[in-house]
Ligand SMILES: Cc1ncc(C[n+]2csc(CCOP(=O)(O)OP(=O)(O)O)c2C)c(N)n1
Ligand SMILES: [Mg+2]
């Protein structure tokens, strides 16, 4: 199963290495990773896409929580969060199909950032379904390059995810 | 008062109550060593940094205090790595301090530079690089706190030499607040109630106790739980000593080389009460067939250990001592009469056995060491057959008397650990149960032992083999003894000991065993006893790798 985990960490050097090291040492797979500062500059948020069964996910969360620099770990539940990813795509064009490509992009609602005679560069944001759809739409024309940010996610609860520290384990 | 970084380190260590550190000098720790020259903290100079780490570990396990080791940058730091990994696997509180090249040279492949925080990230509970003299006291305070609380473990502080010379005001912080580190101690009251109910209703309960109960100082509580309710107790290798082995409820160690009756009992139980143990693969054997009828209560301070391999019915995260105290008040004594009878029956039918003839059998030596010391010694071990015989045939009576590398299985651990233990417990009788292979991995520490007048008794179980590996080759690789014979090239351990100023005793006959032990106990100096044991003796019972733990080979002894 695909999961989206949000991790609040100390905004310190070496933290990314601790997290990625943990994943590789324990054989957990990361499918995407995005890191950035939060509203509190001493805290960074990592949004990690992982795949695994419930038991693996449980271990991932527990092992992440064991890291001293990890302040909070949340596994987002379906329907309770929004997620977005930004992609840049470079598509090949010819004089012949140029119009068709431009129309496809426009109808999709992606933004054209640069239109050359041999290629067009596009920016699009969306959830995973939307990004996938865009890439499928463009594939027949010939995709020259794809750059993805990795997805970021936020819960839709009324309160923010705050770095107030680790909760007591209630077991 | 203004002080240099090096001085602040020493003062901070004193604030943490450190009296002894184990270490080795080098270019990037010169400022620290200069301050140590006339400091009230004593440094034990080992002859290899690996030994400094193991000695700090042995000191910590024997005393319960944080062990401290110190090494220079680069090769000094990398030599600590095996010792740090050993401490990490066995959850031993340790602070390792390494010198680092000057901060402005870091990343330049400077002379004796190694990225030791990178190297030790997966084998430390946490680590630090000191980047600013202003952070130093906070880092030291946090390091000791993290190493010794929650599930203990090693913490490394990498300390660039230019910052050792920078000056700052010395103010040791009073308080600690690490928002990402809040171990749970108390245990959830609802879960404790549930556990009490499950225990009260059980008919075939067994206590399975590990090293966590020793770090938590919970042996009295374990004793009360077992004895008041008539529940048999088995322990892991690291749990040996938490429950007195002369008690009739004691089943000794379980697992791959555990007693048959411990393995049968856990397999036949209807309830496993796990305390500070982690269902390691050496304990469970084939996981699918492990204790099929048993419910599991798991008490552990590390949430990540709970439900990691074995599914748990009642998890209780917290400090074993605190939880057992509360739990003990709530239990209604279960009816275990039939069960105890059954367990007694297993004990009668499948006792630990060996051929007690007129040869020098390793098991006999351990029984004699037990008798001679009345179970009152600290037994450190190396890794191999001798380690397993020690676990089987010495009766451990008190916590912190079994000191062995369980998780990592580090050959060369025992001798330096014994040095650390003897320094931490100067009055104790300390043995290192060694193999001829393992002892040669840190034999240079004879110098450290002799110079510090440490009466450590090293009992070498000399079988001229890497015996444990040879045993596997005998049983599973058609006796093809590929590179496991150490006979050729084996030193004369007596002369070797004597050349360092230690005493050597050689034993080649059974009749010499006990007199040699008694003599060693009288000698106030480091002693090597070179026991020439039966060369191809095997450790039984044995569960072949990947088998269920009640499918033991008995070696034809039963
Ligand atoms: C550092 C290290 N290297 C290799 C091993 C693998 N190993 C486990 S037991 C063993 C043999 C130990 O021989 P010895 O110390 O003579 O003990 P014996 O089994 O003969 O009692 C070896 C090589 C290990 N555990 N540790
Ligand atoms: Mg040997």
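Take residue A:87 and decide whether it is under 30 Å from residue A:25 (Cα atoms) and within 14 Å of another protein chain (Cβ to nearest Cβ). So residue A:87 fails the test. Can you say whether residue B:401 is surrounded by 24 or more Cβ atoms within 10 Å (Cβ to Cβ), modelled with pLDDT of 95 or more, within 17 Å of residue B:237 (Cβ to Cβ) and touching a strand residue (DSSP E or B) at 6+ places or on another chain (Cβ under 9 Å), as far as the supplied structure shows? Yes: the conditions hold for residue B:401.
Highlighted here are the helices (runs of 4 or more DSSP H) found entirely within the range B:175-250 that include at least 1 residues which are in contact with a strand residue (DSSP E or B) (Cβ under 8 Å, 6 or more places away or on another chain) and within 14 Å of chain A (Cβ to nearest Cβ): B:189-201.
Residue-wise test of (1) surrounded by fewer than 24 Cβ atoms within 10 Å (Cβ to Cβ); (2) under 28 Å from residue B:266 (Cβ atoms); (3) touching a strand residue (DSSP E or B) at 6+ places or on another chain (Cβ under 6 Å).
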residue: B:339; (1), (2), (3): yes, yes, no
residue: B:349; (1), (2), (3): yes, yes, no
residue: B:354; (1), (2), (3): yes, yes, no
residue: B:381; (1), (2), (3): no, yes, yes
residue: B:388; (1), (2), (3): no, yes, no
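Residue A:2 meets the conditions (1) loosely packed, with under 13 Cβ neighbours inside 10 Å; (2) within 24 Å of residue B:178 (Cβ to Cβ); (3) away from chain B (no Cβ under 14 Å) in every case but one. The failed one is (2). Residues in the range B:81-100 that are over 25 Å from residue B:217 (Cβ atoms) and in a strand (DSSP E or B): B:97, B:98, B:99, B:100. Residue count for the range A:23-39 satisfying the condition of being within 11 Å of chain B (Cβ to nearest Cβ) and more than 19 Å from the chain's Cα centre (by Cα): 2.
Give the number of residues within the range B:254-270 that are assigned to a loop (DSSP other than H, G, I, E, B) and farther than 14 Å from residue B:280 by Cα.
Counting residues in the range B:254-270 that are assigned to a loop (DSSP other than H, G, I, E, B) and farther than 14 Å from residue B:280 by Cα gives 3.
Mind checking whether some residue in the range B:2-17 is touching a strand residue (DSSP E or B) at 6+ places or on another chain (Cβ under 8 Å), under 27 Å from residue B:433 (Cα atoms) and surrounded by 24 or more Cβ atoms within 10 Å (Cβ to Cβ)? Walk me through it before giving the result.
Quick first cut of the range B:2-17, residues touching a strand residue (DSSP E or B) at 6+ places or on another chain (Cβ under 8 Å) only: B:2-5, B:8-9, B:11, B:13.
Filter again for under 27 Å from residue B:433 (Cα atoms), leaving none.
No.
The residue list A:71, A:120, A:82, A:112 contains one member that is within 14 Å of another protein chain (Cβ to nearest Cβ) and in a strand (DSSP E or B), which is A:71.
Taking the criterion of being assigned to a helix (DSSP H, G or I) and crowded, with 16+ Cβ neighbours inside 10 Å, the residues of the range A:6-44 that qualify are A:15, A:18, A:19, A:22, A:23. Could you tell me whether the range B:109-127 includes any residue that is modelled with pLDDT of 95 or more, part of a strand (DSSP E or B) and surrounded by 17 or more Cβ atoms within 10 Å (Cβ to Cβ)? There is at least one residue in the range B:109-127 that is modelled with pLDDT of 95 or more, part of a strand (DSSP E or B) and surrounded by 17 or more Cβ atoms within 10 Å (Cβ to Cβ). For beta carbons closer than 9 Å, sequence separation of 6+ or different chains, a first residue in the range B:394-422 that is away from chain A (no Cβ under 14 Å) and within 14 Å of residue B:241 (Cα to Cα) and a second that is within 13 Å of ligand 1 (Cβ to nearest atom) and in a loop (DSSP other than H, G, I, E, B), the qualifying pairs are B:403/B:413; B:404/B:382; B:404/B:383; B:404/B:413. Of all the numbered requirements in (1) touching a strand residue (DSSP E or B) at 6+ places or on another chain (Cβ under 6 Å); (2) farther than 21 Å from residue B:418 by Cβ, residue B:472 misses one, and that requirement is (1). Being buried (at least 21 other Cβ atoms within 10 Å of the Cβ) and on the phi > 0 side of the Ramachandran plot holds for only one residue in B:277, B:291, and it is B:291. Kindly evaluate residue B:323 against the criterion of being farther than 24 Å from residue B:394 by Cβ, within 14 Å of chain A (Cβ to nearest Cβ) and in a strand (DSSP E or B). It is false that residue B:323 is farther than 24 Å from residue B:394 by Cβ, within 14 Å of chain A (Cβ to nearest Cβ) and in a strand (DSSP E or B). Scan the range B:442-459 and tell me whether some residue there is within 16 Å of ligand 1 (Cβ to nearest atom), in contact with a strand residue (DSSP E or B) (Cβ under 9 Å, 6 or more places away or on another chain) and more than 22 Å from residue B:69 (Cα to Cα). Yes - at least one qualifying residue is present in the range B:442-459.
The values are calculated or read from the model by the stated rules, or taken from the named source; none is laboratory data. Predicted model only: the values in this text are computed from it and were never measured. No Cβ is skipped: glycine too gets one built from the backbone with ideal geometry, and neighbour counts run over all protein chains shown.
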